[in-house]
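> Here you go, one structure.
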Amino acid sequence: MSGSEKTEDRILLSVIEMSHARTLARNTAFLLVATIFTNLAAFVWNVYLARYLGTAGFGILSTALALTGIFSILADLGIGTYITREIARNPGGAGELVAAGLGNRIILSCIVFVLILLFPLIGLYSGTAAAVIVFIAGYMLLTSFSSFFNSIFQGFQRMEYQTVWNILNSLFILVGVIAVVWLGGSVVQVAVAYLIAAALSLVYSATTFTRRFFTPGLSFSRDMIREALPFGITSVFSLIYFWIDSVMLSLMKGDVSVGLYNAPYRLLTVITSLYGVYLTAVFPVMSRFHLESEDSLRFTYMRSLKYLIIIAVPLIFTVFTLAGPLIELIFSAKYLESVPALRVLIIATAFMFINGVSSSLLGSTNRQITVSRITGVAALFNVTLNLALIPRFDFMGASAATVMTEALMTLLFLRTVRDLGFGPAWRDLHVAWRILLPAAASIILLLLPLSILIRIPLALVAYIAGILLTGALDSVDRAVVRSIIRGQR
């Protein structure tokens with residue numbers, strides 16, 4: 001055994017003996033259950049709405065979600081992420097943090113709602129679009145309060161409460177959407193259903209918190225806003241980048257283009273939510289390791305990169321190869337124009353996985369300002385690309401801008417992480433062929449003239465077998481799995 005392998009084993013033992021690996025696995029499992037349910041529910045209601053509302057109606061709803069999504073982050077300004085990190089480091093100080101965070105959230109939410117109302121008032125949106133924006137704004141703000149309580153649950157590493165909230169929220173929206181469609185309602189009634197679902201979900205979050213933890217006070221803290229602001233700026237830039245393409249498409253090309261773009265984008269959102277599950281669970285662990293053990297922090301980051309890439313590769317290959325059948329199966333033949341956009345957008349997934357875990361590492365080590373700078377550069381780059389590409393290439397231009405922006409962020413994040421001494425180094429790339437070779441073999445199976453429901457499971461089994469045969473999962477990975485399994489018994 002080499003010196004580096006011995007070092008990794010020692011780090012592994014410290015991680016496992018402190019039970020963080022088992023806690024991380026438990027919380028990831030809870031969130032994965034919620035994510036699977038919420039994605040299935042979101043998948044059903046988005047497909048249902050895309051077919052029922054048509055490209056124009058679906059475009060109006062997508063525009064409202066995009067516009068209010070950008071502004072809703074101003075109601076948080078990074079307070080949720082800041083509270084998660086601080087509670088993970090010092091649970092005893094939760095009372096003051098929660099009181100100040102709640103007071104700040106109420107004030108900021110009132111300001112944000114007024115700002116959103118300005119869009120219909122100045123005539124930028126009118127009629128049906130204006131009504132949808134107002135109701136969706138209410139939905140977004142109520143959801144932001146639920147997210148505040150979820151950030152506290154995350155800090156205490158009690159993800160089961162967040163899991164239940166995710167399931168209930170998705171269930172309420174699904175039932176509301178089905179009811180509206182069954183009754184023959186309009187896109188405005190769909191927006192009202194979203195608002196009612198958010199109100200019911202918030203009741204659960206607030207009730208659960210007061211019963212399981214404590215009754216929160218109410219205060220205001222400028223210091224908290226100042227400390228959390230870098231996280232907030234990062235979120236603002238991220239959401240601008242995430243939603244601005246839909247808003248720009250609506251203004252430059254109309255609701256049909258937004259609908260055609262958002263069909264594949266919804267699939268991308270479902271896929272990237274898988275890595276979001278892991279990042280939510282690993283962030284408090286990284287935050288604590290920053291104080292306890294730099295070696296454990298480095299180990300967690302490097303292994304996280306590896307595991308997320310192993311997951312990303314088959315997803316990308318499968319969706320890219322079967323983009324046409326997937327779009328037609330899910331959204332109907334009316335959305336076949338979206339197939340090239342899906343093939344372009346899915347490439348961004350690999351970059352997103354790397355960027356997510358790198359951002360979590362930097363945020364956990366008090367380098368949130370660095371993350372803000374990188375996401376700020378990315379947001380400006382993305383807006384510039386959209387301005388240049390959308391007028392000429394429509395939603396395909398927006399798709400290309402997304403991929404190029406994610407690639408730029410990956411270069412900036414990896415350079416920053418390497419400068420801090422966390423890797424990855426060139427020697428870590430030897431594992432790449434152990435992942436790409438099984439992925440290439442699975443593509444052959446995806447191209448067979450069989451039903452899509454047969455090809456996908458067959459290719460997945462071949463990929464998993466290849467990963468095991470090539471040794472992509474080494475002795476350290478297997479030891480982690482054994483420890484987690486023992487801890488779950």
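The values are calculated or read from the model by the stated rules, or taken from the named source; none is laboratory data. Quick caveat: nothing in here was measured; it's all calculated off a predicted structure. As a convention, Cβ positions derive from the backbone with ideal geometry for all residues, glycine included, and neighbour counts pool all protein chains shown. Note: areas computed on protein heavy atoms with side chains; ligands, DNA, RNA excluded. Shrake-Rupley method; radii C 1.70, N 1.55, O 1.52, S 1.80 Å.
> What helices does the chain have that are whole DSSP H segments, at least 24 Å long along their own axis by Cα, and with mean Kyte-Doolittle hydropathy of 0.0 or more?
On the way: long enough: 20-72 (48 Å, 1.01); 94-121 (40 Å, 1.99); 127-155 (42 Å, 1.33); 159-182 (34 Å, 1.39); 187-212 (38 Å, 1.22); 222-252 (41 Å, 0.96); 255-292 (52 Å, 0.72); 294-321 (41 Å, 0.92); 339-364 (38 Å, 1.53); 368-393 (36 Å, 1.07); 395-419 (37 Å, 0.88); 452-470 (27 Å, 2.24).
Membrane-span-like by this criterion, though nothing is claimed about a membrane: 20-72, 94-121, 127-155, 159-182, 187-212, 222-252, 255-292, 294-321, 339-364, 368-393, 395-419, 452-470.
> May I pose another question? Given the convex hull of the Cα atoms of region 256-426, what is a quarter of its surface area in nm²? List each step's numbers first, then the result.
Details: hull surface 40.8 nm².
With the hull built on Cα positions only, its mean projection is 10.2 nm².
> Got a number for carbon plus sulfur as a percent of the chain's accessible area, 1.4 Å probe?
On the way: 14230 of 20630 Å².
Carbon-and-sulfur percentage of accessible area, whole number: 69.
> With Cβ to Cβ distances under 10 Å as the rule, what net charge do the other residues near Ser62 carry (K, R +1; D, E -1)? Before the final figure, lay out the partial values.
Working: positive: Arg266; negative: Asp255.
Net charge in that neighbourhood comes out at 0.
> On alpha carbon coordinates alone, what is the Rg over Rh value for the chain, Rh being the Kirkwood radius? Walk me through the numbers before you get to the answer.
Working: Rg = 22.4 Å, Rh = 23.5 Å.
Taking Rg over the Kirkwood Rh, I get 0.95.
> Can you tell me the order of 360-368, 457-465 when each peptide is scored by its average per-residue count of other Cβ atoms within 10 angstrom, highest first?
On the way: 360-368: 22.2, 457-465: 16.6.
Going by the mean number of other Cβ atoms within 10 Å, highest first, we get 360-368, 457-465.
> Shifting gears a bit: How many Å² of accessible area per residue for the chain, probe 1.4 Å? Intermediate results must be reported in sequence, preceding the final value.
Working: 20630 Å² over 489 residues.
Here the residues of the chain average 42 Å² of exposed surface.
> In whole Å, how far is the Cα centre of region 278-336 from that of region 135-210?
For region 278-336 versus region 135-210, the Cα centre distance is 25 Å.
> Can you find, among Phe71, Thr234, Ala398, the residue sitting farthest towards the positive end of the charge dipole of the chain, where Lys and Arg contribute +1 and Asp and Glu -1 at Cβ?
Of the candidates, Thr234 comes out farthest on the positive side.
> Under 9 Å from the Cβ of Ala50, count the other residues' Cβ atoms, weight Lys and Arg +1, Asp and Glu -1, and hand me the total.
On the way: positive: Arg51, Arg266, Lys334; negative: none.
Result for the local shell: +3.
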